[in-house]
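What follows is a short report on a single structure.
The values are calculated or read from the model by the stated rules, or taken from the named source; none is laboratory data. These numbers were taken from a predicted model, which means no experiment stands behind them. When we count neighbours, we look across all protein chains shown, and the Cβ atoms used for this are built from the backbone with ideal geometry, even at glycine. Note: accessible area is taken over every heavy atom of the protein model, side chains too, but ligands, DNA and RNA are not part of it. Shrake-Rupley method; radii C 1.70, N 1.55, O 1.52, S 1.80 Å.
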Amino acid sequence: QVQLVESGGGLVQAGGTLRVSCAVSGRTFSTYTMGWFRQAPGKEREFVARISWSSGSTGYADSVKGRFTISRDNAKNTVYLQMNSLKPEDTAVYYCAARRDSLSSFGYWGQGTQVTVSS
């Protein structure tokens with residue numbers, strides 16, 4: 001199985017920067033797409049960013065374009081989400097996820113890491 005463990009969450013002031021990490025272990029494949037999702041209190045989980053492990057192709061939600069950057073370190077089997085110019089509305093639990101490129105849904109999920117942005 002694939003295991004995902006997030007880290008790096010915390011409390012940051014509006015306008016600040018935070019980088020969350022997702023360590024990947026177990027069976028992994030170059031055909032996987034990695035993603036970041038978030039869920040704010042009282043709201044449904046929403047897509048934030050994705051990256052193809054093999055090609056590095058990325059995609060972002062409109063709400064974070066220009067502020068967030070997703071990346072991966074192949075040697076460390078780690079995917080990152082660099083979050084700049086954070087806003088209070090970015091406050092959420094951030095989840096790392098993975099899916100096979102042949103599938104449409106993310107089937108593997110981490111435990112989440114809390115990101116809180118104060119005004």
| request: Let me see the pair-distance distribution of the range 1-70: every alpha carbon pair, 5 Å bin width, integer percents in order. | output: 3, 13, 20, 27, 21, 10, 5, 1
| field | Cα centre as origin, Lys/Arg/Asp/Glu Cβ charges: the range 6-119 dipole, Debye | value | 180
| field | Karplus 3J(HN,Hα) series, Hz, for the range 70-84 with 6.51 cos²θ - 1.76 cosθ + 1.60 (x for Gly, Pro) | value | 9, 8, 9, 10, 4, 5, 9, 6, 9, 10, 10, 10, 8, 10, 10
| query | Between the range 1-33 and the range 76-107, what's the alpha-carbon centroid distance in Å? | reply | 7
| remark: Per 5 angstrom bin, beginning at 0 and ending with the bin that holds the maximum distance, the Cα pairs of the range 59-114 fall in percents of 4, 14, 22, 28, 21, 9, 2, 0
| task | In whole Hz, with x marking every Gly and Pro, tabulate ³J(HN,Hα) for the range 98-110 from phi via Karplus 6.51 cos²θ - 1.76 cosθ + 1.60, θ = phi - 60°. | result | 9, 8, 6, 4, 7, 10, 9, 10, 7, x, 10, 9, x
| remark: Compactness summary of the chain: radius of gyration and Dmax from Cα atoms, Å, are 13.4, 41
| message | Using +1 at the C-beta of Lys and Arg and -1 at the C-beta of Asp and Glu, which of F47, A61, T31 has the Cα lying farthest in the positive direction of the dipole of the range 21-64? | response | T31
| query | Share of the chain's accessible area from carbon and sulfur, percent, 1.4 Å? | reply | 45
| Heavy-atom surface of the range 9-119, accessible at 1.4 Å and reported per residue (Å²) | 52
